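See structure below.
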Amino acid sequence: WVMAGENSFFAHGVSVAVVVLITMAVLALLLRDLGLSKTAALMGCIIIGLGYSPLYLREVYGEAAYTWYFAFIISFLLLWLRADRPDSGKNVRRALFGLLLVLLYLVVLENPVRFMIYYVAPFCGAFLLLVYAEREALRRGEYGDWRAALSAKSIPAGAIAGVFVLGVFCYKVLLAEVLHAEGANRALLVPLQELPFHAAYSVLGLLHFIGAEWQDKVELASVEGVVSLLRLGFYPLALVLPAYYAKRNFSRLEQGQRFFVVLSYLGFALIFFLYSVSTLHENAYAARNNIRYIIPYLMMVLVCPVVVWRFFPQIAKAALGVALVLAIVSTWNNISPEGWRETAQSRADLITVLKKRGLVSGYAPYWDSHVYTVLSKGEVSIRPLDIDTRGVGLCLWLSSDRWYEKGYADGKVFFLVPSEKLENWEDGCETLSLPQPVESFPHGNYTVFVFSENPLPGIVEKGRVCREGE
C-alpha cells in the first residue's frame, strides 16, 4: 500500500477486510471437510463475525493482528486434512504439503517463540491426547499397523522440522535486531502471593472481551441491566457447553472433529494459563486490554458449538440460542457506540488545524501517534514518544531509530500531549533540559507544543528509552 502511495485508513480497512474474508473462506472449507453441512459452515462464519464487545471488534476486525494466528491455525488443519485424503492425487497432496511448509516457514519467521506456544504445543498436545484416548483401539490394531503409519509420516515430519530450523535461522539473520514487539517473549512469572488477584483479573479480562462485563453505573432495574445480567449468564455457557457435550459424546465424533475440539480447548487453556500467571498484564485495566493473546483459540472455541451441535439436548440448544440472539442485538451497539461521530470529527478537526499551521512532523504517545498519522493519509507524520510517570523517553517499539535522529524532521516540530499526561511531560522536559517551545495551544483533549527544531536528537544519552513494550 505504501509503495503504491496509499498510506491511509482506507488501506488499513481494505487489508483487514481481505484478511477477514480469507479467514472466513478457510473456516467454511475446514468445517465442510470436517463433515459438517453448508448451514453449519455458514453459522461458523457468522459466530466469529459478531461483535461481542467493542474490544472484540477492535482486536479481531480493527487491528486483526491475532486474527492471522486463527487463520493460520485453521489453514494448517485444512491443508493437512486435504493432503492426507486418500482420494487426492499424488501431485495434489505434494502441492498442498508444499503450501503447508511455506505457511509454516512464514509463521516461524515471524516469531519462533510464539510458534512454539501457539502451534507446536497445542497441536502436539492434542495429538498426544487423542492417541491416549485411542490407546485401546491402537493396541487391538483397529487402525492397522500404527508403527508403519508413524514411519510413513517420518519424511513429512522431517520436512516440517527442517522448515522450523530454517525459519529460526532466517529470523535470527533478518528480524532479531528489528525494533518489534518482544515484550510477550520476555514476560515474567508473577509472585505467588499476587497470583490469586492476578488470575482473577485474567478472568475479568476474558469476560470483558466476550462482552459479559457491563459498563459503570448500569441500573439494575433497566433493559440494559437485565441484558447485562443475561450476557453474564449465557455467554460463558457458550464456551463451556461444547466441551462438556464433546466429552460425553467423544466416541461419536469423527476423528477430525475430535482433533478440532481438543485443539481448540487445549490451546485456549494453555494461552489463558500463561496469561494468568505472567506479567502479560499487571492490573485490572491491563487485564482487560491485553487479553488479545487468547483470540486465536477463543475464536476456535466459539466455533465448537457448531461442531458439537447435534449432541446438545434441547435445553442446551435453547441456552446457546439465547446467547446468539444477545450477541446479534449487542453487535450493532458495539459497532456504533454513542458519541463515535463526535470522536471522528474531533480527530479530523485536529488534523485540519495541524495542516493549516504547517505542522506536519511531530511526536505523541504511542496510540495517538498512529491514529492521526493514518487518518491524515500520512500527510501529518506523528511518531511515538513515551510520556508517563517516568518522564519522557524514546519509544523504540514497533518504530525506527531514524525517527529520533538529527535530520529526520526539518523545520518546526510539534508534540501532541494528552491533558492527563501534561504533568509527566513537564517533568520530562525539565529532566532532559529540553528548550522552551516557541508556541503552545490547546485543542480538545490535547495541548500542542511547537519547537523551532527537533529537540529529540541526543535524548538517548540524557534519558531513558522505551523498548519492547515497556
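For Phe250, the test of being within 26 Å of Gly44 (Cβ to Cβ) and buried (at least 18 other Cβ atoms within 10 Å of the Cβ) is failed.
In this structure, does Ile295 turn out to be within 15 Å of the chain's Cα centre (by Cα), assigned by TED's automatic domain parsing to the domain that holds Leu232 and more than 21 Å from Ser228 (Cα to Cα)? Here the answer is yes, as Ile295 does meet what is asked. So, in segment 189-220, exactly how many residues are farther than 25 Å from Val60 by Cβ, part of a loop (DSSP other than H, G, I, E, B), out of contact with any strand residue (DSSP E or B) (no Cβ under 9 Å at 6 or more places or on another chain) and among the aliphatic types (A, V, I, L, M)? Here the count works out to 1.
Yes or no, residue by residue, for (1) over 20 Å from Phe272 (Cα atoms); (2) out of contact with any Phe, Trp or Tyr (no Cβ under 8 Å at 6 or more places or on another chain); (3) in the same structural domain as Lys247 (by TED's automatic domain parsing):
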residue	(1), (2), (3)
Ile73	no, no, yes
Leu77	yes, no, yes
Ala83	yes, no, yes
Pro86	yes, yes, yes
Arg94	yes, yes, yes
Asn111	no, no, yes
Pro122	no, no, yes
Leu130	yes, no, yes
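With respect to being without any contact (Cβ under 8 Å) to a residue 12 or more places away in the chain and charged (D, E, K, R), Glu430 fits the description. Flag set for Leu359, criterion: in contact (Cβ under 8 Å) with a residue 12 or more places away in the chain and farther than 30 Å from Leu232 by Cβ. Given the condition farther than 30 Å from Leu280 by Cβ, at pLDDT 80 or above and more than 22 Å from the chain's Cα centre (by Cα), answer yes or no: does some residue in segment 139-154 qualify? So far as segment 139-154 goes, yes, one or more of its residues are farther than 30 Å from Leu280 by Cβ, at pLDDT 80 or above and more than 22 Å from the chain's Cα centre (by Cα).
What is the residue count in segment 400-456 for residues that are part of a loop (DSSP other than H, G, I, E, B) and under 18 Å from Asp388 (Cα atoms)? Residues flagged as part of a loop (DSSP other than H, G, I, E, B) and under 18 Å from Asp388 (Cα atoms) within segment 400-456 amount to 4. Those helices (runs of 4 or more DSSP H) of segment 306-389 in which 2 or more residues are closer than 30 Å to Asp410 by Cα occupy 340-356, 366-375.
Checking segment 98-105 against the condition returns no match, with no residue being in a helix (DSSP H, G or I), assigned by TED's automatic domain parsing to the domain that holds Val307, among the aromatic types (Phe, Trp, Tyr) and more than 21 Å from Lys172 (Cβ to Cβ).
Quickly run through segment 269-305 and pick out the residues that are in a helix (DSSP H, G or I) and of a type in the set (Gly, Ala, Ser). If the condition is that a residue be in a helix (DSSP H, G or I) and of a type in the set (Gly, Ala, Ser), then Ala269, Ser276, Ala284, Ala286, Ala287 are the ones that fit. Residues that are more than 26 Å from Arg58 (Cα to Cα) and either touching a residue at least 24 places away in the same chain (Cβ under 8 Å) or polar (S, T, N, Q) (or both) do occur in segment 375-390. With the condition kept exactly as written, say whether any residue in segment 230-242 is in contact (Cβ under 8 Å) with a residue 40 or more places away in the chain, within 22 Å of Phe76 (Cβ to Cβ) and either buried (at least 20 other Cβ atoms within 10 Å of the Cβ) or in contact with a strand residue (DSSP E or B) (Cβ under 6 Å, 6 or more places away or on another chain) (or both). So far as segment 230-242 goes, yes, one or more of its residues are in contact (Cβ under 8 Å) with a residue 40 or more places away in the chain, within 22 Å of Phe76 (Cβ to Cβ) and either buried (at least 20 other Cβ atoms within 10 Å of the Cβ) or in contact with a strand residue (DSSP E or B) (Cβ under 6 Å, 6 or more places away or on another chain) (or both). Evaluating Leu266 against the criteria (1) of a type outside the set (Gly, Ala, Ser); (2) touching a Leu at 6+ places or on another chain (Cβ under 9 Å); (3) in a loop (DSSP other than H, G, I, E, B) leaves one unmet condition, (3). Regarding segment 325-345, can at least one residue be identified that is more than 16 Å from Phe449 (Cα to Cα) and among the acidic types (Asp, Glu)? Yes, that holds for at least one residue. A single entry from Gly407, Gly391, Gly411 fulfils the requirement of being more than 17 Å from Phe449 (Cα to Cα) and either charged (D, E, K, R) or surrounded by fewer than 21 Cβ atoms within 10 Å (Cβ to Cβ) (or both): Gly407. Within segment 269-283, residues that are over 19 Å from Ala243 (Cβ atoms) and in the same structural domain as Leu195 (by TED's automatic domain parsing) reach partners that are among the small types (Gly, Ala, Ser) and part of a helix (DSSP H, G or I) with beta carbons closer than 8 Å, at six or more positions or on different chains, in the pairs Val277/Ala199; Leu280/Ala184; His281/Ser202; His281/Gly205; His281/Ala287. The single condition from (1) closer than 30 Å to Glu379 by Cα; (2) touching a Gly at 6+ places or on another chain (Cβ under 8 Å) that Val108 fails is (1).
Among Arg58, Arg32, Arg82, which is the only one that is modelled with pLDDT of 85 or more, assigned to a helix (DSSP H, G or I), among the basic types (Lys, Arg) and closer than 30 Å to Leu204 by Cβ? Only one candidate qualifies: Arg58.
The values are calculated or read from the model by the stated rules, or taken from the named source; none is laboratory data. Source: prediction; values computed, not measured. For neighbour counting, all protein chains shown are included, and Cβ atoms are generated from backbone atoms with ideal geometry for every residue, glycine included.
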